[in-house]
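What follows is calculated from the coordinates using simple rules that are stated; it is not laboratory data. Just so it is clear, the structure is predicted and the values come from calculations on it, not from any experiment. Neighbour counts run over all protein chains shown; Cβ positions are idealised from the backbone, glycine included.
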Amino acid sequence: MIGHYIDLAWRSIKRTPFISLLMVLAISAGVGMTVTMFSIYQHITANPAEKMDNQPFTLQLQSNSVGSGWGNGMLRQITYQDAIAVRNSGLDATTVAMFKSRFAIKSDAPAASPIFGSVRVTDGTFFDVFEVPFIAGSTWAADADRDGDYVAVITQSRAQLFFGSDDPLGRMLFLDNKPYRVIGIIEDYNPQPKFYDLNNNPFSLGAGIYIPMGLAPLEEISSSGNTNGWTPSRIEDYQALLTSELHWLQFWVSFDSQQERVEFERWLSAYIGDQQTAGRFPNPEASFALQTPAQWIKYMDVHSEESDILLIISILFLLVCIMNTIGLLLGKFLKAAPAVGTRRALGASQGQIFLQHIVEVSLIGLAGGLIGLVFATGVLHVLNGYLAVGFAGDEFPLTQLHWTMWLYSPAIALLSSVIAGLIPAWRICRMPPSLYLKIQ
Amino acid sequence: MDILPTLNSLRRNPSTTTLLVIQAVLTIAIIANLVGMISYRMDSIDINSGIDEELVLDVELYHFAEDFNAQQVLLNDIETLTQLNGITAVATTNQMPLEGSGSSASVRDKVTEDDTGSQVQAAIYRADHHLSDVLGLKMKYGRTFRPEEIADPNDMGSMEAGAGVVISSALAMELLGRDDVVGEVIYFPSSVDIPLTVIGVAEHFYGPWPNWSVSTNSIWLGFLPRDNRFQQLAVRFEGISAAEAIESITTQLYRNDDRRVVVSIEQYHEIKDRQFSVDYSLLFSLGLIIALLISVISLGAIGMAVFNVERRTKQIGTRRALGATKRDIVMLFLMESGAMLVISMIIGVPVALALNWQLMSLFSLPSLSVVYPLSVGFALLLLSVVGILFPAISAAKVPPSVATRSL
């Protein structure tokens, strides 16, 4: 029976090619625009740490004065001295202190010329805490976090860039002319947004090279990210930066059990008290905050209004497209009313007529959904072109049409067209056949 | 022609009328809001940098030599680059206008015990005396720096009391209430309060942040480069292509010192475009939605008009048989469509404003002037009258005999 309806629908579509095309295009424009904006919205509001079961937590420590700080009265990063104190506390919780920097980087190949790239200076626990899989080798030993070691973990694509198809393990990378031994290769790690460090551009790519935190004081590595202050501080040299009240490190912690968390929080409270006694932490109510990636993304307010506005507008636009299609369908169906009258007179029930028309609009909707996908791909391509200008060089992660859109798009199109077809199909199946038979 | 038959006819086709009116109302509401957003965005990106954007290059350098001496290397760069064919001026600077990152500090008009007087935020340029040649800064009053006035920041750590500064006219206005201020003293930075003498007032002198509320407040301190691995050069070229300039500058820079990376070298307009990339993508999306919306509803309206005319062939024939002229028939359709649009406007204008309120409560948008929905409504009215004209003219050609034949 459905086959017969599809056949009838196809004949009816062919009978009014212009109007049918118009309906398909209207649906595809509406759906295409909505799907595009939904993709961007999804990209921007995604929680890349969703699968990590609300771990790890970022630590905010209120070493700043009353009145400075963000929503919860705290700054968005922590000081070097606090980061090191918490990390060296000997607690069971796994901690990561880190910041980003930039170096002139070249390989050990003769005649290699340096490129300028970002490097993350971090504790070796980074890869474990953020669940970054190793392809070869491993992270550095824990004492490198404290004492430094000239080793590096690099991503697959950086390995490819510097060493081609050669085995990179054991090879040397030169950062500002200093040799670092490559000890681990990880898969490219570019969570969007880059929740572990949302400063500067939250939608930029992650670093391709990771080196131990212990090198920071040895090499006097400066941060290329944000450095926030709340009190005037004179920074004469690197040592002064390390002991200053400036906030410039990101700090994450993960717990294996509730017990670990309880102990960690108890230790922090005691630490805050100690610091207050020692004359730091001017806020008498000084406290700390632990936030999950989802909470952190929200707190840092990374998502732009533009994407919300565009999503709302594109849904309104889809609504107009549906209205438009209803109007066209009504006209088209009513024009074919005499034929329906004949079919009704020959025994077709109201339900059958209704179903047949719904099949027809579904075909139109499906076609619109598919063309809408093509349309969305094109629009995203153009938008990516505009947005890529805002990023330096190759550091732009493209907004892709999420795979779910291949399901959503036809589904939205089908739903829209069926909604559009309901009234016209209802009107036409309720027509008394006698009215049209009489005229003929 | 009487309005009553028109309204009657609209009332007799309630579903068609309602659909068209809802479409037109939504269209007015959406387009008016989109046009409002577009004009708002256009205002914020329409910045006259005062720079020859095609002829100025921004060069970012990173040095990794252990014994890097910024002044030695950079002054040599300036000298050798200036000798290159087509390079007319080279300056060291810590930032470029509108590039998105840089430094700022607060400035005061006077130092008093009780902290009165005005304190104003301004972008701080640390650049040598070539900066005005490269950027093409126009001095409204006074002059720019002389070579001997350029100080060495490594020697002093800060400015010397009484040193000259060039400030933007906007800063002069905000700090001192007028911009004819050559010879006046200002204090900077506010924590140290070193008195500085204004030697020049520049027009169109932007700081590095386009969205900053005081983006035109700038101070230029005459400084040689500080010892810092990151250095920035601004270069002006003429008579050669940008590609040629970039090529010869890059080669020369590496020849001067290969223990560095030319991080980026690009035309000034690229820097500016980068700052506005999100705005451009938004403008593109809004423009695309407007274009699609107009195409969809006007094609749709024509389609419905064609059906409408076909369905009413007999009615038209009857009217013609009863004495209506062709002109009357065309007028009938025009009046119907016009009446529909007037109804849509009456509903659409408040709906547009309501949508704007809704959007304003969610996002930081300006309120919509009633002019926008009204003009969109009139444009739509015009469009629909033109759209209905052709189906209406063909309808008017229905001979009266058609009506009598099948009845």
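Cβ crowding within 10 Å, taken as a proxy for footprinting-reagent exposure, orders B:D152, A:D128, A:D53 from fewest neighbours to most as A:D53, B:D152, A:D128.
Summing charges over neighbours of A:A144, with a neighbour being any other residue whose Cβ is under 12 Å away from its Cβ, gives -3 when K and R count +1 and D and E count -1. Using Cβ point charges alone (K and R +1, D and E -1), the dipole size of the protein assembly as shown about the Cα centre works out to roughly 7440 debye.
Footprinting exposure proxy ranking of A:T58, B:T18, A:T155, fewest other C-beta atoms within 10 angstrom first, gives B:T18, A:T155, A:T58. Here the stretch B:183-226 is scanned for amide nitrogen atoms under 14 Å from the site 7 Å beyond the Cα of B:V111 along Cα-to-Cβ, giving B:185-197. Taken along the Cα-to-beta-carbon direction at a fixed 7 Å, the label points for A:L346 and A:T277 span 9.8 nm.
DSSP finds beta bridges in chain B, and of those with both partners inside it, around 75 percent are antiparallel. A crude spin-label estimate for the pair B:Q315 and A:I115, with each label 7 Å from Cα along the Cβ direction, gives 7.0 nm.
When the Cα gyration tensor is reduced to axis lengths a ≥ b ≥ c, the ratio a/c is 1.5 or higher for the stretch A:239-309, and with a/b not above b/c it is classed as oblate.
Here's the list of aspartates and glutamates a cross-link from B:K110 could span, going by alpha-carbon distance under 13 Å and ignoring same-chain residues fewer than 8 apart: B:E184, B:D193.
Sorted ascending by nearby beta carbons within 10 Å, beginning with the fewest, A:D308, B:D67, A:D256 become B:D67, A:D256, A:D308.
Rounded to the nearest 0.05, what FRET efficiency do A:F18 and B:E247 give with R0 = 45 Å and r taken as the Cβ-Cβ distance? Could you check? Rounded to the nearest 0.05, the efficiency is 0.25. Rounded to the nearest 500 deg cm²/dmol, what is the calculated helix-only ellipticity per residue at 222 nm for chain B, with -39500 (n - 2.57) per DSSP H run of length n ≥ 4? -17000 deg cm²/dmol, from helical runs alone. GNM, chain B, Cα, under 10 Å: largest mean-square fluctuation among B:P195, B:P210, B:P366? Checking each option, the largest mean-square fluctuation is seen for B:P366. Build a GNM of chain A with springs between Cα atoms under 10 Å apart, and of A:E236, A:E265, A:E219 the one that fluctuates most is A:E236. For chain A, the 222 nm mean residue ellipticity estimated from helices alone, with every DSSP H stretch of n ≥ 4 adding -39500 (n - 2.57) and the total spread over all residues, rounds to -16000 deg cm²/dmol. Step through the table entries A:K51/A:K194; A:K298/B:K272; A:K106/A:K178; A:K100/A:K194; A:K100/A:K298; A:K332/B:K397, compare each Cα-Cα distance with 19 Å, and write down the pairs that go over it. Pairs exceeding 19 Å: A:K298/B:K272; A:K100/A:K298; A:K332/B:K397.
Farthest toward the positive end of the dipole of chain A, out of A:L387, A:Q275, A:G32, is the Cα of A:G32, where the dipole comes from beta carbon charges about the Cα centre. Spin-label pair B:D133-A:L218: with each label point 7 Å from Cα along the Cα-Cβ axis, the two points sit 4.6 nm from one another. Annotation for the stretch B:320-403: chymotrypsin sites (Phe, Trp or Tyr not before Pro) lying in DSSP loop with at most 15 further Cβ atoms inside 10 Å of their Cβ are B:F363.
Between A:R11 and A:Q156, what's the calculated FRET efficiency when r is the beta-carbon distance and R0 is 41 Å? Round to 0.05. Taking R0 as 41 Å, the efficiency between A:R11 and A:Q156 is 0.15. Once the C-beta distance of A:R430 and B:F284 is scaled by a Förster radius of 41 Å, the resulting FRET efficiency is 0.35 to the nearest 0.05. Near A:V153, once Lys and Arg are set to +1 and Asp and Glu to -1 for all other residues with Cβ below 14 Å from its Cβ, the sum equals -2. Charged neighbours of B:N76, selected by a Cβ distance under 11 Å, balance to -2 (K, R count +1; D, E count -1).
Note on A:K335: aspartates and glutamates with a C-alpha under 13 Å away, same-chain residues under 8 apart excluded, are B:E310. Compared with the direct C-alpha span, the chain from A:T243 to A:R181 gains 19.4 nm at full extension, assuming 0.36 nm per residue.
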